[in-house]
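Notes to accompany the following structure.
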Amino acid sequence: MASQPGKDILLRLIREGQPMSFRQQLLLTFQLSLPAILANASAMVMQLIDAAMVGRLGANDSASVGLMGSTSWLFEGVLSAFAAGYAVQVAHLLGAKRNKDARQVVRQAIVVCLLFSLLLAGFGLVICKPLPIWLGAAPQICPNATIYFGTFMLFVPFFMLDIVASSMLRSSGNMRIPSALNILMCVLDVVFNFFLIFPTREATVLGHTVTLPGAGLGVLGAALGTASAGLVVALLMVYYLVFRSSDLRLTIDKGSFKPTWTTFKKSVTISTPMGLQHIMMCSALIVITGIVAPLGSIAIAANAFGITAESLCYMSGYGIADAATTLIGQSLGAGRKRLTRSFAWITVLSGMVIMGIMAVLMYVFAAELMGFMSPVPEIVELGARCLRVESWAEPLFAASIISYGVFVGAGYTLVPCGINLVSMWIVRLGLSAIMVKSMGLYGVWMAMAIELCFRGTVYLLWLSTKRWMKTVID
């Protein structure tokens, strides 16, 4: 059997304008998606383990961490959106075989994104104390929620470096290194949490009693474990980008780190709709958290654990979306619109099939997933009901996730921003506010499922047009 052509060879076909068969397109999609899917899978498994560790501390500690989840995602998403404005430019420049210009954009991105992250971290530290109160949390939850979020914000500049470096590598088609390092981060997170969350204790291993050291920091230990893992991986990711990347390593030639207005303006054009959308989307999630918070610690914990468990289902969608952004960016940069459209549909339909299979598994094993994270029967029962209603929406959720990745690769971010905002703020929030009154947390999750089906349908309709391919970065 002939060996399969390598990823770099297939990417070269895009950049050099050579024809690609459907089989080659499918193979390249698979080669770029698989590392990202595996990284996401490991991240989700580690998050489950992480959640299980915190869950052993009790419902209040679990709720204090879960309460801050949507706000933490807000800040992470803003960082990712800001970095994407530069990463999309790099993908287009590499597709056009302007590698030196691409490296110049990388230099500017490191400086500008790091400065932005420092401003964002300062803002987060200012609001970390009143934030749990604004979210309507019970008094016994607020102190640990503040500690968790404040610790997270202290490490935001390092998270930004990781995001910038990994997004640049992915834009060049290198999915392997970012994926491998993200897997490492998940492993380190669990190891650090194991020693930081719990106190020193006795355990029986193969019939022998051993002493396991621990700092006994509880929620603070969970925050420090995650932050420390992020710090280690950020340094490794930046090292690989600067010194080892075949296309983007900065030691190939000399250049200036001084930001230019032209590059910054292009970045803002791409990233502003993404950033505003993410702020509004996560703000909606925070509002939903506020809707859930009065339901009590059981509902808060079930909601947080349910979100973590559901992430096992959509991990493949985000992995394929990363591949779609790279494929679309380089294809459009090379001026190949027919190939761009082909890659768009290959990635979207593949993701819908894979997430549909994962949804079936989530439906069947909902109780087991929740039971892994929490020993509290009420949390397990409520969370399992929520997961099962959500599973019906996963294929169309895949359509929205991957279509968004397609549009980002094209630098077409304004219309997707509008779609997401209308869907989240009008459909999901409106239905959640109505259905929570009679159905509690289950009603909130049913509203989520309806909204995801609506959003996915709109994305598929818009993808079928050709308007999104008109935005090309010069």
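The values are calculated or read from the model by the stated rules, or taken from the named source; none is laboratory data. Every value quoted in this text rests on a predicted model; they were computed, and no experiment measured them. Quick reminder, even Gly has a Cβ in these numbers, built from the backbone with ideal geometry, and neighbours come from all protein chains shown.
Things to note:
- Residue list for the range 373-386, restricted to those being of a type in the set (Gly, Ala, Ser) and not in a helix (DSSP H, G or I): SER374
- Failed condition for VAL376, given (1) farther than 27 Å from GLY55 by Cα; (2) touching a residue at least 24 places away in the same chain (Cβ under 8 Å): (1)
- Subset tally (residues that are among the charged types (D, E, K, R) and either modelled with pLDDT of 95 or more or surrounded by 20 or more Cβ atoms within 10 Å (Cβ to Cβ) (or both)) for the range 102-141: 2
- Test: SER438 is assigned to a helix (DSSP H, G or I) and within 28 Å of SER80 (Cα to Cα): no
- Answer from SER400, SER350, SER374, SER391 - the residue that is hydroxyl-bearing (Ser, Thr, Tyr) and over 22 Å from the mean Cα position of the chain (by Cα): SER374
- Which listed residue, of LEU231, LEU248, is in a loop (DSSP other than H, G, I, E, B), out of contact with any Gly (no Cβ under 7 Å at 6 or more places or on another chain), under 21 Å from ALA81 (Cα atoms) and among the hydrophobic types (A, V, I, L, M, F, W, C): LEU248
- Qualifying residue in the range 197-207 (condition: surrounded by 19 or more Cβ atoms within 10 Å (Cβ to Cβ), of a type outside the set (Phe, Trp, Tyr) and either out of contact with any Leu (no Cβ under 6 Å at 6 or more places or on another chain) or closer than 30 Å to PRO143 by Cβ (or both)): yes
- Test set (1) surrounded by fewer than 24 Cβ atoms within 10 Å (Cβ to Cβ); (2) under 26 Å from PHE305 (Cβ atoms) - ALA398 fails condition number: (1)
- Of all residues in the range 431-449 being over 18 Å from GLU390 (Cβ atoms) and of a type outside the set (A, V, I, L, M, F, W, C), the one that is surrounded by the fewest Cβ atoms within 10 Å (Cβ to Cβ): SER438
- Total residues in the range 121-141, condition within 21 Å of LEU285 (Cβ to Cβ), part of a loop (DSSP other than H, G, I, E, B) and touching a residue at least 60 places away in the same chain (Cβ under 8 Å): 5
- Filtered residue count, the range 12-24, keeping only those that are closer than 20 Å to LYS97 by Cβ and in a helix (DSSP H, G or I): 5
- Qualifying residue in the range 144-156 (condition: at pLDDT below 90 and among the small types (Gly, Ala, Ser)): yes
- You will find that of SER21, SER33, the residue that is under 30 Å from ILE307 (Cα atoms), among the hydroxyl-bearing types (Ser, Thr, Tyr) and at pLDDT 70 or above is SER33 and no other.
- When we screen VAL408, VAL389 for residues that are in a helix (DSSP H, G or I), in contact (Cβ under 8 Å) with a residue 60 or more places away in the chain and surrounded by fewer than 24 Cβ atoms within 10 Å (Cβ to Cβ), the only hit is VAL389.
- Where VAL233 falls short, out of the listed (1) of a type outside the set (Gly, Ala, Ser); (2) surrounded by fewer than 20 Cβ atoms within 10 Å (Cβ to Cβ); (3) closer than 30 Å to ASP101 by Cβ: (2)
Yes/no matrix, rows are residues, columns are (1) part of a helix (DSSP H, G or I); (2) buried (at least 24 other Cβ atoms within 10 Å of the Cβ); (3) hydrophobic (A, V, I, L, M, F, W, C):
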| residue | (1), (2), (3) |
| --- | --- |
| THR272 | yes, no, no |
| PHE305 | yes, yes, yes |
| ARG338 | yes, no, no |
| MET355 | yes, yes, yes |
| MET362 | yes, no, yes |
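- If you check PHE149, PHE194 for being part of a helix (DSSP H, G or I), over 16 Å from the mean Cα position of the chain (by Cα) and either surrounded by fewer than 24 Cβ atoms within 10 Å (Cβ to Cβ) or free of Cβ contacts under 8 Å to residues at least 12 places away in the same chain (or both), only one passes: PHE194.
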